[in-house]
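Undergrad: I have a structure I would like to understand better, so I am pasting it below and will then ask my questions one at a time.
Please treat every number below as a calculation from the coordinates, not as lab data. Given the structure is predicted, the values throughout are model-derived calculations rather than measurements. Because the Cβ atoms are built from the backbone with ideal geometry, glycine has one as well, and the counts that use them run over all protein chains shown.
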């Protein structure tokens, strides 16, 4: 079917990308189109495709900026929302869009969606075991009794062994972590006794209270930077949603589907999977943020923004510390922010502005290299 479509496309003198040809072939096969119907379909697609193509000299940057910026004015300022998971908060709306285009290193609510390979995702017991290995569990979560004795200046705890089993944790590992964290600890099966290191008697009570807090907050399980985890059933399989993110550590775990597991932290995606994955992440995150607000933007505008942010092999922000502050033109940089500083630096370095962009030509009053301004007219003198 693909060869048949390619022949018709060639006959119509259309230039379609390979992906579009395969989509047409799939649709034609699915709907059992006749030769005449296929001919009409490709003719209509050619018209729509040529109409959708960007013309030479089009101000694509300005159109993209307007297309993303205008819906941005209608977006709400609410920061938190329950995104289908009642227990987890995520940043949405305008604050999230600003985070994406600013390429923030630390985002306000990093989250992960962890999916599993075939055979693992349907096993609830396995998924719950992985969830307990990923989510942050502190000693306080598995205690049956916690007692601070100010008379003897000691702290005693009792570990709930049933709770340890329920959370699918290894009891010996917990004891090993306690022994590593505290020097003065006496262990008798599941009963543990602690003594604070007291430098001066007047600070004894404070030292005991600090020890009590340290014992309660000792992390006994979990992946670094990940806090709460929620298990959800999505269709026939189980998935884990997290508060916090550590893509590199999670992808190394048994049974985790490396093709579907995602994080909303773009810099983490870049670090673990590379710049192309980061570009796709920017597009996906920006689109889903817009769609959540009921706004639709042509994906090509968002793709242009993502391409600009990742074209140098690293994720850059759109601002004075990123793309706008690194333009080749001195006048373009100066028109954005910190005018005096840019002009002074350019003077010291002896920079030359070749006036190839839009902003610099507007500043000095020349025709801009867009639209009719991008076309040069040559007049030949007719010989007599």
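Undergrad: Assuming 0.36 nm per residue, please report the length gained on full extension of the stretch residue 163 to residue 189 beyond their Cα-Cα distance.
TA: My answer for the length gained is 7.8 nm.
Undergrad: Mean-square fluctuation check for the chain, GNM, Cα pairs under 10 Å: which of 206, 104, 260 is largest?
TA: So, out of 206, 104, 260, the one fluctuating most is 206.
Undergrad: Classify the chain from the C-alpha gyration tensor, please: rounded if a/c falls under 1.5, else prolate or oblate depending on whether a/b exceeds b/c.
TA: oblate
Undergrad: A follow-up question, please. In a Gaussian network model over the chain where Cα atoms closer than 10 Å are linked, find which of 107, 220, 205 has the largest mean-square fluctuation.
TA: So, out of 107, 220, 205, the one fluctuating most is 205.
Undergrad: Continuing with the same structure: I need the shape label for the stretch 1-128. Rule: rounded when a/c is under 1.5, else prolate if a/b > b/c, else oblate, with a, b, c from the alpha carbon gyration tensor.
TA: Oblate, because a/c is 1.5 or more while a/b does not exceed b/c.
Undergrad: I would also like to ask the following. Just report the Cα centroid separation between the stretch 247-274 and the stretch 117-162, whole Å.
TA: Cα centroid of the stretch 247-274 versus Cα centroid of the stretch 117-162: 26 Å apart.
Undergrad: In the stretch 2-52, if every C-alpha pair distance is counted and binned at 5 Å from zero, what percent goes to each bin?
TA: Percent of Cα pairs in each bin: 4, 22, 39, 25, 9, 1.
Undergrad: Hey, fewest Cβ within 10 Å first, where do 336, 116, 16 land in order?
TA: 336, 16, 116
Undergrad: Which residue, 159, 24, 323, tops the fluctuation ranking in a GNM of the chain built on C-alpha contacts under 10 Å?
TA: It is 24.
Undergrad: Using only Cα atoms, tell me the angle between helix 171-181 and the longest principal axis of the chain; keep it within 0 to 90° and round to the nearest 10.
TA: Helix 171-181 and the main axis of the chain meet at about 90 degrees.
Undergrad: At 0.36 nm per residue, and after removing the present C-alpha to C-alpha distance, how many nm does the segment from residue 179 to residue 344 gain when stretched out fully?
TA: On the way: separation 165, 0.36 × 165 = 59.40 nm, distance 6.08 nm.
In short, 53.3 nm is gained.
Undergrad: May I pose another question? Rounded, prolate or oblate: which fits the stretch 283-384, taking a ≥ b ≥ c as square roots of the Cα gyration tensor eigenvalues, rounded meaning a/c under 1.5, else prolate when a/b beats b/c? Kindly include the intermediate steps, with their values, before the conclusion.
TA: Working: a/c = 2.80, a/b = 1.34, b/c = 2.09.
Oblate, since a/c reaches 1.5 and b/c is not below a/b.
Undergrad: What is the order of 253, 309, fewest Cβ neighbours within 10 Å to most?
TA: With the fewest neighbours first, 253, 309 line up as 253, 309.
Undergrad: Still on this structure: Could you tell me the distance between the Cα centroids of the stretch 1-71 and the stretch 364-384, to the nearest Å?
TA: Spelled out, the Cα-based centre of one part sits 33 Å from the other.
Undergrad: Which angle from 0 to 90°, rounded to the nearest 10, does the C-alpha axis of helix 299-310 make with the longest principal axis of the chain?
TA: Once rounded, the angle reads 70 degrees.
Undergrad: Sticking with this structure for a sec: At a threshold of 8 angstrom on Cα-Cα distance, excluding pairs fewer than six apart, so keeping six or more, what relative contact order does the stretch 285-356 reach in percent? Before the final figure, lay out each step's value.
TA: On the way: 47 pairs, mean separation 12.3, N = 72.
Over the stretch 285-356, the number comes to 17 percent.
Undergrad: Okay, next question. Once both axes come from the Cα atoms, what is the angle between helix 18-30 and the longest principal axis of the chain, in degrees from 0 to 90, rounded to 10?
TA: 80 degrees
Undergrad: Would you calculate the separation in nanometres between label points at residue 118 and residue 70, each defined as 7 Å from the Cα along the Cα-to-beta-carbon direction?
TA: 4.6 nm
Undergrad: Here's another thing I want to ask about it. What value, in deg cm²/dmol to 500, does the helix sum -39500 (n - 2.57) over DSSP H runs of n ≥ 4 give at 222 nm once divided by the residues of the chain?
TA: Estimated from H runs of four or more residues: -13500 deg cm²/dmol.
Undergrad: List 356, 129, 289, 236 from most exposed to least, where exposure is judged by having the fewest other Cβ atoms within 10 Å.
TA: Details: 356 11, 129 16, 289 22, 236 7.
Listed from fewest to most nearby Cβ atoms, that is 236, 356, 129, 289.
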